[in-house]
Each structure stands twice: as structure tokens, then as C-alpha cells.
1. Take the cross-link list 48/319; 100/229; 90/369; 30/319; 43/248; 131/319 and give me the ones stretching past 29 Å between alpha-carbons.
2. Applying 1/(1 + (r/R0)^6) with R0 = 22 Å to the Cβ-Cβ distance of residue 351 and residue 373, what FRET efficiency is obtained, to the nearest 0.05?
3. For the pair residue 164 and residue 24, how long in nm is the line joining their label points, each one 7 Å along Cα→Cβ?
4. Taking the simple approach of a point 7 Å from Cα along Cα-to-Cβ for both residue 299 and residue 90, what is their distance in nm?
5. What value in Å³ per residue do you get for the convex hull of the alpha-carbon atoms in the range 35-105?
6. Binning at 10 Å from 0, report for the chain what percent of all alpha-carbon pair distances ends up in each bin.
7. Of the residues 177, 240, 91, which exhibits the maximal mean-square fluctuation in a Gaussian network model of the chain defined by a 10 Å Cα contact cut-off?
8. Pick from 348, 171, 67 the residue whose mean-square fluctuation is largest in a GNM of the chain, springs joining Cα atoms under 10 Å.
Amino acid sequence: MEQSQTNLHEIPYDAPLSFPEPTNLWRQWKAYEGTNSKKLTEKDVPVKDLTGKWVIISGANNGIGAQAALFFAKCGANLVLACRVCPSEKHPDAVVAECKAIARAAGREKSTIEWWPIDMSQLRTVETFAKRWLDTGRPLDILCNNAGMGGNPGGLSSIMKTEDGFEFVHQVNFTSHVLLTMRLLPSLAQAEAPRVVCTTSCMTYYGRYNLNNFNGAGCRGVQFYSNNKLYFQVWLTELHHRMMRSEKYKHITINGVHPGYVNSGIWGFHTGPGILGAISAVVRFFLQFLAMYVAISTEQGSYCIRHAATSVDAGPNPKIQGVGEAGGKGGGRYFNRIWETNNMPHPQDADARLRVWRKVDDELELSQKGLLAWTN
């Protein structure tokens, strides 16, 4: 039986957890399962009619985000691509043009497709984006929290922080999406059966749950990435539990997805100078080599987003949430591509979830901003 929320609030961040951490062998096996490269087709995730639905995708001008945008365009959805302009990535204008061409070819030329600027390394742009959306008064049907990066721009030798004072991977992959989601919850609540899709990773299995290192202290290299993907899955599961206790938000479905091992360019991170930079360069070469010869395409990687956003299985549970189709199993889950599997034990533990929830609140001052007034 879970402890009361009141008691859990009293547990220090660095107190031992009530369950043993998984063994390294189990972690490696589960991470290996994430390399499943089975080729998927539209028979696995069919095109659905999303005419009139509004979809926001972060990081939609590159990698699996861009491929997911093309799928939603084919479905007839109205799209807002939440992007930054970066020399190493396709310009958002080009992706918008591709999406419009796909929509026209599918007879969906009336769809609205545009891109709005956002930079997950700058919280002020997240706030600006959210306000712009809320000012439209539109219901939001699907939010895809997809933008991400593979490593800190400073490499191993010099850990860089954002203008907001957070380690880059921690903010870009995790806390900025928390802020965006919490800002957009009122708009999601207006939709009939809204969904939130969060791109986590099988690297969660290598994550180390240590809230003293929550903002990157004591981490190096890919460990930033693994930790924050774990924290993201823990946080979204706690949000799911809280929404299920809210009449206003219980019809919202949120899930985490692993795209597979994708050749998307995410591992082209900066290595930095010195011996640590040299070690980082070796790690980068290894990851890029595997991506080139073993990984699946970005189109294949996007199936995880497609599935979580449109399939009946990943949709709301009508008996509990009051919306959705028979067969929907609701949120708070983790998918290895399109197949549900068990994640780390932390998302299933009320104490572990609440500690992450509290820590994020501390960092982003969500309570002070009035974003948690609806929950308990």
C-alpha cells in the first residue's frame, strides 16, 4: 500500500529508496531490447483522419520529429512545428513546405501548417511559445515533447549551462518540456481526448537516480542523457497519476516512448578539448558508427510518436477517463517503439515519483507560477 502524499513530502531527496536498484545485467538486457530494428509499415500504425485536430511537435524540423510531422500532415492535422533555427538542422520553412505538399497530395490542402520559434535551452522562449498558443484559445489535441540533444555542448571537459542556469541536456531534454506541458494543460483540457507524447529512451535503463546530481553535478558524457530520460519517464508517470485524480484533466493521456536506435544525428555532440575531450570523441565515434551501420531510419523511429499519438491501445481508457475507444489502456506507460514494456522501477514507486515532482517544482518554481494549483 502506497504511503500518503503527506508522508512522502517529508522524505529527504537523498534518503534511500524503498526498493533495490536494478542490476547492471538487467539494465543492459532492457537497453538491448531497445535496439529492436523490426521494419514497421503503415499496417502497423495506419493513417487516421485528424482533420480539424491541432498538433504541436517540438524539434519538428529534424530527425523523428520531422518524420512525425509528415505523418500528421498526411492525416490532415493542423500542425504547429515548435522549432529553433540551427545551421546543422533543416530550416523549419523547408519542413513546413514538405508537410504542405504531403497534405495536398492526401487531399488535405485546407490544413493549417506553420512553425513557431522555440529554443528549449531558453525558458523565456518556452513561455513565449506557450502564451502565443494559449492566446489562440484553441484546444490542443496532441502535444509531442520530442526535442532533444545527445550531450552537453561543452563535452566532458567543460560542462556548459544554459542562460537559465541549468545543465544543457537537463533543460533541453527534460525541464523545458515539463514547463511547456504544464503551461499547455488548460488547452489540452479543452480537447475531447487529448494526448501528450514524450520522447524518452531505452537509455533510461542506464539512468542513475540521484537527485543531488539532478542538474548535472557529478555527471559526465552520455550519463546526462540517461539520467534525464529516466527523470522524464518518472515525472510523466507522476503527472498521469495526478491527472487521474482531477476531473478537469483525467481525460488527458500521457505516455513515454523510445524511438529505437535511430540514425538521427543526435550523437553528433561537441567533445571539448584535452584528454576528456579525446575520450568523448571516442564515445561519439562509436555511437555514430553504430548509428550508421546498425540504427534504423528517422522515418522508422517516428513510428513511436505516431503510435502513441493515434493508436487505440496507447489512447485513453474509456472506463476510467470517460473518453476513448474500447481497447484503450490509458497513460503513464512506456513504449519500446510501438510495444509496451516495463521501464525502470522508479516510475512505479510513489516516493521516487514525488521526489522528482518536488525537485522539478523547486527548479522551475511551478507552484509559485500557479501551475500546480489544480493538483495535490
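1. Flagged as over cut-off: 100/229; 90/369; 30/319; 43/248; 131/319.
2. It comes out at approximately 0.40.
3. 3.5
4. 1.1
5. 103
6. In whole percents, the pair-distance histogram is 5, 25, 36, 25, 8, 1.
7. Most flexible of the set in this elastic network: 91.
8. 348
The values are calculated or read from the model by the stated rules, or taken from the named source; none is laboratory data. Source: prediction; values computed, not measured. Glycine gets a Cβ as well: all are built from the backbone with ideal geometry, and neighbour counts include every protein chain shown. Just so you know, the surface numbers come from the protein's heavy atoms only, side chains and all, with ligands and any DNA or RNA stripped out. Shrake-Rupley method; radii C 1.70, N 1.55, O 1.52, S 1.80 Å.
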